[in-house]
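Worksheet: one structure, shown below.
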Amino acid sequence: MDVRGARVLLTGATGGIGQALALAFAERGARLVLTGRRTDVLEPLAERVGGEAVAADLADRRAVAALLDRVGEIDVLIANAALPASGELPGFTVEQIDRALDVNLRAPIVLARQAGAAMAERGRGHLVFISSLAGKSASAGASLYNATKFGMRGFALALREELRPHGVGVSTVFPGFIRDAGMFADAGVTLPRGIGTRSPEDVARATLHAVERNRAEVDVAPLALRAGALIAQLSPGLNAWAQRRAGGTRITAALAEGQRDKR
């Protein structure tokens, strides 16, 4: 799909990865509609990229249902908004569980249902889900976050086949550890030596590639992490052992501590 002139709805635009996505798609000539909760960041970003700003809290089910009615016709949906949800399950209240499920999984599904149906009628369009390697590799101390990201992967793969006959593409992007911005960077976690990172701009380039080439899945991570995600799918037990040896539990514990006030 050629994104030049395409109308793109980007959720979670106020975060670091969201801002990189906005800039990359604007540079390619897309017409952007940006959503997020922080209007102090959203409105200047929309002005910078020549787009529209629509404030929305995706934890509010009524706001999700009304969002596309407010926005109108779109050619591309980039479901990027997500809440951090690292930590052992007993540490979450039921309300926090509901909020993570609503923002990370339910909102993308509801938006995809509405946008995908309209795209299918027109015979063109693309849906993109910004997930995480946590959607391929489970980690102790991240069960809730893993649940939302594993769920997103299964949903997107099935939806891709449902919409394929109608000329609508569906892609999922799986970032690993992202430096400078995003949940991992915001938590201030120090990684063990040898674990590499990628940048928000890398995620934006991968997302453009996914849309333009209609890729089902794109990983944004160094080779070692991509290999680990593959092993996790082939042998979950081996992956769990490798994570314990590499200090994975310490990483997720540090993430949980750094994200505690953002749930």
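The values are calculated or read from the model by the stated rules, or taken from the named source; none is laboratory data. Being a predicted model, the structure only gives us computed values, none of them experimental. Positions of Cβ are backbone-derived with ideal geometry, glycine not excepted, and every protein chain shown enters the neighbour counts. To get the accessible areas, we keep the full protein, side chains included, count just its heavy atoms, and leave off ligands, DNA and RNA. Shrake-Rupley method; radii C 1.70, N 1.55, O 1.52, S 1.80 Å.
Below, the figures for the structure above:
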quantity	calculated
Exclusive hit being touching a helix residue (DSSP H, G or I) at 6+ places or on another chain (Cβ under 6 Å), among the hydrophobic types (A, V, I, L, M, F, W, C) and open to solvent by less than 30 Å² (accessible area, probe 1.4 Å), set LEU67, LEU127	LEU127
Any chance ALA229 is surrounded by 14 or more Cβ atoms within 10 Å (Cβ to Cβ), among the hydrophobic types (A, V, I, L, M, F, W, C) and at pLDDT 80 or above	yes
Top-ranked residue in region 27-53 [being small (Gly, Ala, Ser) and open to solvent by 30 Å² or more (accessible area, probe 1.4 Å); ranked as nearest to GLU201 (Cα to Cα)]	GLY29
From the options LEU89, LEU68, residue that is of a type outside the set (Lys, Arg) and closer than 16 Å to THR11 by Cα	LEU68
Residue satisfying condition, being free of Cβ contacts under 8 Å to residues at least 60 places away in the same chain, open to solvent by 30 Å² or more (accessible area, probe 1.4 Å) and over 15 Å from VAL71 (Cβ atoms), within set ALA117, ALA140, ALA147, ALA134	ALA147
Given (1) among the hydrophobic types (A, V, I, L, M, F, W, C); (2) part of a loop (DSSP other than H, G, I, E, B); (3) at pLDDT 95 or above, index of the condition ALA138 fails	(3)
Residue match in region 186-197 (condition: closer than 28 Å to ARG4 by Cβ, surrounded by fewer than 15 Cβ atoms within 10 Å (Cβ to Cβ) and at pLDDT 70 or above)	no
Restricting region 154-181 to residues that are surrounded by fewer than 18 Cβ atoms within 10 Å (Cβ to Cβ) and of a type in the set (D, E, K, R), the residue that is modelled with the lowest pLDDT	ASP180
Lone unmet requirement of (1) out of contact with any helix residue (DSSP H, G or I) (no Cβ under 8 Å at 6 or more places or on another chain); (2) at pLDDT below 85; (3) buried (at least 17 other Cβ atoms within 10 Å of the Cβ); (4) among the small types (Gly, Ala, Ser) for ALA206	(2)
Pick from region 70-99, criterion in contact with a helix residue (DSSP H, G or I) (Cβ under 7 Å, 6 or more places away or on another chain) and more than 28 Å from SER139 (Cα to Cα), ranking: surrounded by the fewest Cβ atoms within 10 Å (Cβ to Cβ)	GLU73
Residue within region 89-101 that is among the hydroxyl-bearing types (Ser, Thr, Tyr) and without any contact (Cβ under 8 Å) to a residue 12 or more places away in the chain present	yes
Residue match in region 6-20 (condition: part of a strand (DSSP E or B), within 11 Å of ASP75 (Cβ to Cβ), in contact with a strand residue (DSSP E or B) (Cβ under 8 Å, 6 or more places away or on another chain) and open to solvent by 40 Å² or more (accessible area, probe 1.4 Å))	no
All positions within region 217-226 that are touching a helix residue (DSSP H, G or I) at 6+ places or on another chain (Cβ under 7 Å) and either assigned to a strand (DSSP E or B) or open to solvent by less than 20 Å² (accessible area, probe 1.4 Å) (or both)	VAL218, ASP219, VAL220, ALA221
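Per-residue answers, yes or no, for (1) of a type in the set (Ser, Thr, Tyr); (2) in contact with a Phe, Trp or Tyr (Cβ under 8 Å, 6 or more places away or on another chain); (3) part of a strand (DSSP E or B):
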{"site": "SER86", "(1), (2), (3)": "yes, yes, no"}
{"site": "ARG99", "(1), (2), (3)": "no, no, no"}
{"site": "ASN104", "(1), (2), (3)": "no, yes, no"}
{"site": "ALA115", "(1), (2), (3)": "no, no, no"}
{"site": "MET119", "(1), (2), (3)": "no, no, no"}
